[in-house]
Amino acid sequence: MADIRKEVDRVREAFFSGLTRPLSWRVDQLRALRALVVDNQSRLCHALSEDLGKPKNVALLTEILPVVKEIDLFLSNLSSWAKPRKAASKPLANAADTAYVRPEPYGVVLILGAWNFPVNLALIPLVGAIGAGNAVVLKPSEQSATTAKLLEELAMRYLDTEAITVINGDAAVSAKLTGEVQWDYIFYTGGSAVGRKIMAAAAKHLTPVTLELGTFGSHSVTIFPCCRRSLQER
């Protein structure tokens, strides 16, 4: 746990230093993230095949291309999204004032990825967090271990690790991250049971959260004879 706290504190110091706020830094990191995905799409597809048995065309369509499209959307609009804009209305007591809405980053964001779309549901939230000027700790799902390890390796090569880091580990690491570390924002995709625990932990510090939740057993699935037994058991 000491190592995790040290890593989070390091990222937090980078945010407080103002590193992530300039638009130029955000654009550079988004371009670097795009290069990470595009340059390594074959490796990512191979990892997705190892973890989930996804065919390459499915991996490209559901995991790789959505991330690239999201990055392109941010790169095309970020300069206008980040500008202060005049408030549409203001209280009568402030009639003589000039009021603006200025977008501000939350701070240090925790992103908890999902096993079933381990690239898409890890990197698309990362795009938004970077674009908004936050520092980020990304925890990929340990159930897609090959993809998780690859994301950690590539993040160290392509991204500014002063403010963006990947922490891998089992469910106990996720529990420590959500239960023993205070965050400025948490993004989680996964089951409702874990979502409740995250919401309870976040409530202690009034930490805002985005929970994209599903429930196991509520969706039908077709299992073909050629499917590996380990995937059937999942």
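Kirkwood Rh over alpha-carbon pairs of the chain, then Stokes-Einstein at 4 °C and 1.567 mPa s: what D in µm² s⁻¹, rounded to an integer?
Once the numbers are plugged in, D ends up at 68 µm²/s.
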Give me the number: length gained by fully extending Lys176 to Leu19, i.e. 0.36 nm times residue separation minus the C-alpha to C-alpha distance, one decimal in nm. 53.9 nm
Give the Rg (one decimal place) followed by the Dmax (whole number) of the stretch 1-106, computed from C-alpha coordinates and expressed in Å. 20.2, 63
From the residues Ala145, Ser230, Thr62, which one has its Cα farthest along the dipole of the chain in the positive direction, the dipole being from +1 and -1 charges on Cβ of Lys/Arg and Asp/Glu about the Cα centre? Thr62
Using only Cα atoms, tell me the angle between helix 145-158 and the longest principal axis of the chain; keep it within 0 to 90° and round to the nearest 10. 40 degrees
How far, in degrees from 0 to 90, does helix 41-52 lean away from the longest principal axis of the Cα atoms of the chain, to the nearest 10? 60 degrees
Would you please state which residues of the stretch 25-52 a label at Leu75 would reach in this model, taking the label point 7 Å out along Cα→Cβ and a backbone N cut-off of under 20 Å? 25-45
Where does the chain land at 222 nm, in deg cm²/dmol rounded to the nearest 500, when only DSSP H runs of n ≥ 4 count, each adding -39500 (n - 2.57), divided by all residues? -15500 deg cm²/dmol
Mean separation of Cα contacts under 8 Å (6+ apart) over length of the stretch 101-162, as relative contact order %: 36 percent
Near Ala202, within a Cβ-to-Cβ distance under 13 Å, what is the net charge of the other residues, with Lys and Arg +1 and Asp and Glu -1? +1
Rounded to the nearest 10, the angle in degrees between the Cα long axis of helix 171-180 and the longest principal axis of the Cα atoms of the chain comes to 20 degrees
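Every number here is computed from the coordinates shown, using simple stated rules; none is lab data. For clarity, every value in this text was computed on a predicted model and none was experimentally measured. Glycine also receives a Cβ, built like all others from the backbone with ideal geometry; neighbour counts cover every protein chain displayed.
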